[in-house]
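Reviewing the structure listed below.
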Amino acid sequence: MLRKVIAEDKKDLWDWRNDPVTVANSFDNRAIPFEEHARWFDKALKDDNRLILIGLEKKKKIGMIRFDNHGDYYEISVNMAPGFRGQGKGNQLLKESLGWVKGRILARVKKENRASIRFFEKAGFIFKKEIDSCAEFETYWPPIKPKIIENLRKI
Ligand SMILES: CC(C)(COP(=O)(O)OP(=O)(O)OC[C@H]1O[C@@H](n2cnc3c(N)ncnc32)[C@H](O)[C@@H]1OP(=O)(O)O)[C@@H](O)C(=O)NCCC(=O)NCCS
């Protein structure tokens, strides 16, 4: 299940963000000092255009999903707790999270990040374009008809 982030999640998000695999997959690929993370987190908690969801399993925190509202689309970011990766849990959380927003959802991943690309494709995201080192995928919630998606691909 998912719930909105709370102040007590600050350290977990920092730990997961600084996991080496996440650092390597991030566009800002450096470990983030705690003070910098804390400033970002405190601001994010109050930001109406940022929705951070925490995945829970038997009361354990297993990952996070973030939606940044850019007006005509949301950008999604997923980071599973290192011990809970590769078990289908990210896929479950991602599917559940889509019900929290409405409209166009974009995922931007490093184009060499095959795991994330397959992850988003498996969840029904469609490849849109590549810009420099970034591959962009999109989906809609609620889902739209395949024919419309086909036409959107051509835009
Ligand atoms: C990428 C990430 C979110 C995937 O979550 P996960 O819980 O590990 O993924 P799941 O177990 O639900 O796998 C779903 C699908 O993703 C793909 N996938 C996941 N991990 C993969 C890996 N290491 N290699 C290749 N494909 C992978 C597979 O297609 C998989 O389906 P399958 O097992 O039926 O083949 C997670 O591994 C993670 O947090 N990584 C670090 C942060 C990151 O890179 N975030 C993405 C950028 S937004």
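The values are calculated or read from the model by the stated rules, or taken from the named source; none is laboratory data. Because the structure is predicted, anything quoted here is derived from the model rather than measured. Positions of Cβ are backbone-derived with ideal geometry, glycine not excepted, and every protein chain shown enters the neighbour counts.
Listed values, structure above:
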item: Strands (runs of 3 or more DSSP E) contained entirely in region 49-155, each with at least 1 residues that are touching a residue at least 12 places away in the same chain (Cβ under 8 Å) and over 23 Å from R3 (Cα atoms); result: 103-110, 126-131, 134-141
item: Residues of region 20-43 classified as within 16 Å of the ligand (Cβ to nearest atom), in contact (Cβ under 8 Å) with a residue 24 or more places away in the chain and under 21 Å from I6 (Cα atoms), total; result: 1
item: Selection from region 105-114 of residues that are loosely packed, with under 13 Cβ neighbours inside 10 Å and within 8 Å of the ligand (Cβ to nearest atom); result: R114
item: Only one of A44, A31 that is surrounded by 11 or more Cβ atoms within 10 Å (Cβ to Cβ) and either part of a loop (DSSP other than H, G, I, E, B) or at pLDDT below 95 (or both); result: A31
item: Residue match in region 85-104 (condition: touching an Asp or Glu at 6+ places or on another chain (Cβ under 8 Å), over 24 Å from K11 (Cβ atoms) and more than 9 Å from the ligand (Cβ to nearest atom)); result: yes
